[in-house]
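Asker: I'd like to ask you about the structure that follows.
The values are calculated or read from the model by the stated rules, or taken from the named source; none is laboratory data. No experiment lies behind these values; they were computed from the predicted model shown. A quick note on method: Cβ atoms are made from the backbone with ideal geometry, for glycine too, and the neighbour counts reach across all protein chains shown. In case anyone asks, the SASA skips ligands and DNA or RNA and just uses the protein heavy atoms, side chains included. Shrake-Rupley method; radii C 1.70, N 1.55, O 1.52, S 1.80 Å.
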Amino acid sequence: AQSVAQPEDQVNVAEGNPLTVKCTYSVSGNPYLFWYVQYPNRGLQFLLKYITGDNLVKGSYGFEAEFNKSQTSFHLKKPSALVSDSALYFCAVRDIGTGGYNKLIFGAGTRLAVHP
Amino acid sequence: DSGVTQTPKHLITATGQRVTLRCSPRSGDLSVYWYQQSLDQGLQFLIQYYNGEERAKGNILERFSAQQFPDLHSELNLSSLELGDSALYFCASSVTSGTNTGELFFGEGSRLTVL
């Protein structure tokens with residue numbers, strides 16, 4: 001079965017510093033990988049996805065993610081963190097079930113805290 | 001705004017009761033997904049419907065059921081509620097179901113508190 005793991009419950013970073021939120025995956029076949037962000041009392045917002053092609057994927061709000069097949073990782077990055085980036089971040093992988101219908105399997109989430 | 005609408009936003013009820021959560025997908029989206037987010041279980045996939053038919057089932061309890069209507073809105077019914085059912089329930093939608101690239105668009109969620 002497809003799965004993703006987010007090894008850090010929380011990441012703390014100072015404003016202006018680069019940030020990385022880690023995600024590793026386990027899939028059979030080619031992975032379709034996603035990052036979502038959840039602000040307090042809000043739904044999940046799509047940030048970016050990797051389907052194929054360039055290993056560096058650019059997304060919303062200045063975020064990008066690097067797909068690394070050999071390390072089975074898909075880490076989320078941003079060159080300069082903002083306090084407003086503080087939120088809960090989820091990595092997800094597409095899982096295709098019987099009949100070809102897909103759903104997303106989410107990691108446990110990583111809370112990002114950006115300090116002024 | 002994702003375009004996915006969920007009602008109610010908040011719901012407080014007692015153990016043993018039954019509630020219905022409603023979801024309207026984005027215009028044009030045929031697939032509806034339900035997820036449960038709780039503190040100890042994270043974001044768990046419950047069930048998926050495509051154009052009115054159930055397509056995938058996850059860790060959904062037998063006390064829970066869902067359906068998607070001809071106008072594509074969906075309802076999640078939770079019965080014989082227990083304290084542990086307190087959670088945030090999300091609906092998400094996508095254009096197709098089979099081989100699309102997969103991103104889902106989430107509503108703001110319905111927060112259920114069972115007392």
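Asker: In the stretch A:1-88, what trypsin sites (Lys or Arg not before Pro) fall in a loop by DSSP, with at most 15 other Cβ atoms inside 10 Å?
Answerer: Counting only loop positions with at most 15 other Cβ atoms within 10 Å, the trypsin sites (Lys or Arg not before Pro) in the stretch A:1-88 are A:Arg42, A:Lys69.
Asker: Tell me which residues come under 5 Å, amide H to amide H, from B:Gly109 once H is placed; ignore anything under 5 positions away on its chain.
Answerer: B:Gln6, B:Cys91
Asker: Net charge within 14 Å of A:Leu76 by Cβ-Cβ distance, Lys/Arg positive one each and Asp/Glu negative one each, not counting A:Leu76 itself?
Answerer: Surrounding charge for A:Leu76 is +2.
Asker: Pick out, in residue order, every one of the GluC sites (Glu not before Pro) in the stretch B:1-69 that is DSSP loop and has at most 14 other C-beta atoms within 10 Å; say none if there are none.
Answerer: Answer by residue number: B:Glu62.
Asker: While we're looking at this one, here's another question. Rank A:Leu112, A:Asn17, A:Phe63 by how far each Cα sits towards the positive end of the charge dipole of chain A (+1 on Lys, Arg Cβ; -1 on Asp, Glu Cβ) and give me just the farthest.
Answerer: Selected residue: A:Phe63.
Asker: Can you list, bin by bin at 10 Å, the percent of alpha carbon pairs in chain A, starting at 0?
Answerer: Percent of pairs per bin, in order: 15, 48, 30, 7, 1.
Asker: Simple spin-label model, 7 Å along Cα-to-Cβ: A:Ser3 to B:Gln17 in nm?
Answerer: Spacing of the two 7 Å Cα→Cβ label points: 3.7 nm.
Asker: Using the Cβ atoms and a cut-off under 12 Å, what net charge is assigned to the surroundings of A:Leu47, where Lys and Arg are +1 and Asp and Glu are -1?
Answerer: Charge balance near A:Leu47 sits at +1.
Asker: Using only the Cα atoms of the protein assembly as shown, what do you get for the radius of gyration and for Dmax, in Å?
Answerer: My reading of the Cα-based Rg and Dmax gives 17.6, 52 Å.
Asker: What's the buried accessible area, both sides, between B and A using a 1.4 Å probe, rounded to 100 Å²?
Answerer: 1900
Asker: Just the Cα atoms of chain B, one point each, no solvent: what log10 I(q)/I(0) does Debye give at q = 0.12, 0.15, 0.18, 0.21 Å⁻¹?
Answerer: -0.37, -0.58, -0.84, -1.13
Asker: Go through B:Thr20, B:Leu76, B:Phe45 and say which Cα lies farthest out towards the positive end of the charge dipole of chain B; charges sit on Cβ, +1 for Lys and Arg, -1 for Asp and Glu.
Answerer: Result: B:Thr20, furthest along the dipole toward the positive end.
Asker: Considering only protein heavy atoms and a probe of 1.4 Å, how much of the accessible area of the stretch A:1-101 is carbon and sulfur, as a whole percent?
Answerer: Ligands and nucleic acids excluded, carbon and sulfur reach 48 percent.
Asker: Ok, one more. Quick check for you: with a 1.4 Å probe and neighbouring chains kept, what is the accessible area per residue of the protein assembly as shown, in Å²?
Answerer: 47
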